[in-house]
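Data first, discussion second: the structure below is written as structure tokens.
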Amino acid sequence: ATSYNWLLKVGTKATITHINALGVNDTAVIVTFLTGFTKDTLSVTSVTPCSESTSKTVALNATLLPPTPTSITSSTASYNACIGDQITYTVVVAAPSATQVAASVYRWTKPNNTVIVSAATDSSSITLQFNTGYIGGSVTCKGQTPCGILGTAKTQALTHTGCPTGTIIIPTAKLGSNAEPIELELNVYPNPNDGNFNLDVKANSTNPQSLVILIIDVNGKVIKRYSAKTESGIFTKHFSESNLAGGIYTMRVVSNKTIKEVKLLIEKGVASVLNENVEEGRKK
């Protein structure tokens, strides 16, 4: 061959630069891919003074990126989390453009002291458990194409503010694990109430018993936590929790190797209960 003919079939989104001068040494070229390139075909033929060969072709395809996520949503409509919460986060992604390809899976990073407890098949949504030591941070998510190409990540800040003091993962562990189990009787009265109520705890031991008292909402979140001790086997406390929303809560008392629960119904607008009814509740 005395020369070579190089050709891009489309050529509108790519250009050819000859490394050597045209002629017998024109055996290599540089292809520059321009914005918007998706695919093309590069061909070359060898030329003699009398003829031209059939072409050799190679398909050129762009390494397409997945779309950058537009947002990360929260199942609670909030990005604030307290210790013990489980919240599902879902990535929102626009349809791929002509120069993009849809992600096949998603990759996440998470804050310290959190655990992914479940995820969708393609990990487009994950559920995080927020454990002791969590103080805030961020989650990020980016798509990955079937070819393994990672896109640009979307970051969502997470906070840890306004949480009840001493919030914990709801304990199934026991206090005083070396102690013998005791029996507990709980009585909440009046019930239902407007957030003002009494709790009686009776233990079958006259020795002082350490108590942890938790108020837990229907989502399993610890709203309030108190520490107390029985005296002569009895503990009584009046609670003023008028800031709690109306609904069903669980009063959980943990002592030694015993966990006891009773339902608490808060109804806003409930009138104060007469003293005799309170006393009747105490007797029950």
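The values are calculated or read from the model by the stated rules, or taken from the named source; none is laboratory data. It should be emphasised that the depicted structure is a prediction, and the values quoted were computed from it without experimental measurement. Because the Cβ atoms are built from the backbone with ideal geometry, glycine has one as well, and the counts that use them run over all protein chains shown. Only protein heavy atoms, including side chains, enter the accessible area calculation; ligands, DNA and RNA are left aside. Shrake-Rupley method; radii C 1.70, N 1.55, O 1.52, S 1.80 Å.
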Of the accessible area of the stretch 37-154, with the probe set at 1.4 angstrom, what percent is carbon plus sulfur? 54 percent
Accessible surface, 1.4 Å probe, highest first, among residues Val139, Val29: Val29, Val139
Compute the relative contact order of the stretch 1-102 as a whole-number percentage, counting only Cα pairs closer than 8 Å that sit 6 or more residues apart in sequence. 23 percent
State, to one decimal in nm, how far the label point of Glu261 lies from the label point of Thr132, with both points 7 Å from Cα in the Cβ direction. 2.1 nm
Averaging over all projection directions, find the projected area of the Cα convex hull of the stretch 82-145 and quote it in nm² with one decimal place. 4.5 nm²
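Going through the cross-link list Lys39/Lys154; Lys224/Lys263; Lys202/Lys268; Lys13/Lys142; Lys221/Lys263; Lys202/Lys263, which pairs have a Cα-Cα distance over 22 Å in this structure?
Lys39/Lys154; Lys202/Lys268; Lys13/Lys142
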Near the amide H of Ala62, under 5 Å away, which other amide H atoms are found, from residues 5 or more places off or on another chain, if H is placed in the peptide plane? Lys39
Whole-percent tail of the Cα-Cα distance distribution for the stretch 187-245, cut at 15 Å, equals 55 percent
Tell me, what is the FRET efficiency for Ala98 and Thr54 to the nearest 0.05, using R0 = 25 angstrom and their Cβ-Cβ distance as r? 0.20
The summed charge of the Ala62 Cβ neighbourhood (under 10 Å; Lys/Arg +1, Asp/Glu -1) stands at +1
Mind grabbing the accessible area of Lys224 for me, 1.4 Å probe, Å², rounded to tens? 60 Å²
If I take every Cα pair under 8 Å that is 6 or more residues apart in the chain, average their sequence separation and divide by the length, what percent do I get for the relative contact order? 13 percent
Using a Gaussian network model on the chain with a 10 Å cutoff between Cα atoms, which of Thr35, Thr145, Thr90 fluctuates the most? Thr35
What number comes out for accessible area per residue over the chain if the probe is 1.4 Å? Units Å², please. 56 Å²
Ratio of the Cα radius of gyration of the chain to 2.2 N^0.38 Å, where N counts its residues: 1.81
Could you work out [θ]222 nm for the chain from helices alone, using -39500 (n - 2.57) per DSSP H run of at least four and dividing by all its residues? Round to the nearest 500 deg cm²/dmol. -1000 deg cm²/dmol
R0 = 35 Å: FRET efficiency of Leu150 with Asn243, Cβ-based, nearest 0.05? 0.15
Taking a quarter of the surface of the convex hull around the Cα atoms of the stretch 116-164, what do you get in nm²? 4.4 nm²
